[in-house]
Amino acid sequence: MRSFLTLCFIPYPRCQPIVLYFDSRGEYERICALLALHMVHPGAEQIEVDGFVPPKYHTGETSPFTTSKIALFKKLIGLQRKGMAYGGMDLGQVLDACPLSSDFA
């Protein structure tokens with residue numbers, strides 16, 4: 001059966017999968033750490049409006065990014081989704097700086 005976790009079921013040349021849902025809490029935390037989001041930096045003294053924590057204020061894992069890449073990721077996913085909403089999906093909630101519920105096994 002074809003997987004619908006990625007967007008590769010959409011006929012699009014050279015489709016690269018962008019996972020919209022996380023399989024585990026670990027995946028969620030790795031994405032938040034990569035993007036330096038406030039969810040993995042509890043007690044950070046400075047948080048930007050998009051949820052990004054500047055490197056100087058990290059309290060958890062470090063990120064390779066020194067500036068926020070949230071807008072870039074939103075643009076990329078918006079282009080691949082061709083205007084279809086993704087805000088209610090796990091990745092959409094993360095990019096909107098909303099913590100996910102504890103529904104992971």
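The values are calculated or read from the model by the stated rules, or taken from the named source; none is laboratory data. Just so you know, these numbers come straight off a predicted model, no measurement behind them. Every residue, glycine as well, gets a Cβ built from its backbone with ideal geometry; the counts of neighbours run over all protein chains shown.
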**Message:** Among the residues of the range 21-43, what is the count of those that are under 18 Å from ALA71 (Cβ atoms) and either of a type in the set (Gly, Ala, Ser) or modelled with pLDDT under 85 (or both)?
**Reply:** 1
**Message:** modelled with pLDDT of 90 or more and part of a loop (DSSP other than H, G, I, E, B): is that true of GLN46 in this structure?
**Reply:** yes
**Pairs where the first residue, in the range 66-88, is closer than 15 Å to VAL49 by Cβ and the second is of a type in the set (D, E, K, R) and surrounded by 13 or more Cβ atoms within 10 Å (Cβ to Cβ), C-beta under 8 Å, 6+ apart** = SER68/GLU48; SER68/ASP50; ILE70/ASP50; ALA71/ASP50
**Prompt:** Of all residues in the range 41-81 being under 12 Å from the mean Cα position of the chain (by Cα) and β-branched (Val, Ile, Thr), which is farthest from VAL94 (Cα to Cα)?
**Reply:** ILE77
